[in-house]
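Please treat every number below as a calculation from the coordinates, not as lab data. As the structure is a computational prediction, the values presented were derived from the model and not from experiment. No Cβ is skipped: glycine too gets one built from the backbone with ideal geometry, and neighbour counts run over all protein chains shown.
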């Protein structure tokens, strides 16, 4: 039994929710999002909350039950508060800057990296060594942050590279003489 799936997702005031078959739409102050619930799960909007139930007790239906409830909860949080990922850049000469719809990254390569900012995502650089990715869709924000991090992931010896804020980098000792 899913512990997450049992709780209905409350819809706060200021957010309009609609369930049309397997399609769940949320509209709030920050924008509009939708999610198509898998066929193994039924979804109902009642009493100001969205309830998710498995259609049968098969393993896939029970697995997608909690997933679907979490996705609907992310829709509500996205249209009310939004999501944010912070990245830190460590290394001599490593920096980032936003120029229009392009994020320019200098990460120690022979060339600068130009990252096209996807639609629905806002990227800011409060400092040259900090990148803030914000948006209403949790999946797109996380994917964008992961793509930026992949250009130069943190290395274990000096910790140089792009890492998530608060991420622990396991350090290695290096060579001994």
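Can you work out the FRET efficiency for the pair residue 130 and residue 56, with r the C-beta to C-beta distance and R0 = 35 Å, to the nearest 0.05?
Calculated value: 0.15.
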Worksheet item: By how many degrees, 0 to 90 and rounded to 10, does the Cα axis of helix 138-150 deviate from the longest principal axis of the chain?
Response: 20
Worksheet item: With all pairs of different alpha carbon atoms counted, what Kirkwood hydrodynamic radius in Å does the stretch 1-97 show?
Response: 14.8
Response to the item:
Expressed to one decimal in nm², the mean projection of the alpha carbon convex hull of the stretch 59-116 is 7.1
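For the stretch 1-49, what does the equivalent ellipsoid look like in terms of its semi-axes, each the square root of 5 times an eigenvalue of the Cα gyration tensor, given largest first in whole Å?
Working: eigenvalues 74, 39, 18 Å².
Computed over the stretch 1-49, the values are 19, 14, 9 Å.
Could you work out the mean projected area of the convex hull around the alpha carbons of the stretch 83-164, in square nanometres to one decimal?
Numbers: hull surface 20.0 nm².
So the Cα hull casts an average projection of 5.0 nm².
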Practice prompt. Just need log10 I(q)/I(0) for the chain at q = 0.11, 0.13, 0.15, 0.18 Å⁻¹, Debye formula, equal scatterers on the alpha-carbon atoms, no solvent, rounded to two decimals.
Written response: -0.62, -0.77, -0.88, -1.03
Worksheet, complete the sentence: With label points set 7 Å from each Cα along the Cα-to-Cβ direction at residue 84 and residue 158, the distance between them in nm comes to 3.1
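Where does each of 173, 155 land when they are ranked from fewest to most other beta-carbon atoms within 10 angstrom? Could the numbers behind the result be given before it?
Working: 173 7, 155 14.
Listed from fewest to most nearby Cβ atoms, that is 173, 155.
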Worksheet item: Sorted from fewest to most neighbouring beta carbons within 10 Å, what does the list 169, 89 look like?
Response: 169, 89
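Could you tell me the calculated FRET efficiency between residue 16 and residue 146, based on Cβ-Cβ distance and R0 = 30 angstrom, to the nearest 0.05? Walk me through the numbers on the way to the answer.
Details: r = 31 Å, r/R0 = 1.04.
Here the calculated transfer efficiency is 0.45.
Output the Kirkwood hydrodynamic radius of the stretch 111-150, Cα pairs only, in Å rounded to one decimal. Could you put the intermediate results ahead of the total?
Details: mean 1/r = 0.0931 Å⁻¹.
Value: 10.7 Å, from the Cα pair sum.
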Item to complete: Rank the residues 55, 3 as a footprinting-exposure proxy: fewest other Cβ atoms within 10 Å of their Cβ go first.
Response: 3, 55
Item to complete: For the stretch 31-52 and the stretch 2-20, compute the distance between their C-alpha centroids and round to whole Å.
Response: 7
Worksheet entry | Helix 59-80 axis, angle to the chain major axis (alpha carbon atoms, nearest 10°) | 70
Worksheet item: So if we plug the beta-carbon distance of residue 171 and residue 63 into 1/(1 + (r/R0)^6) with R0 = 41 Å, what FRET efficiency do we get, rounded to 0.05?
Response: 0.65
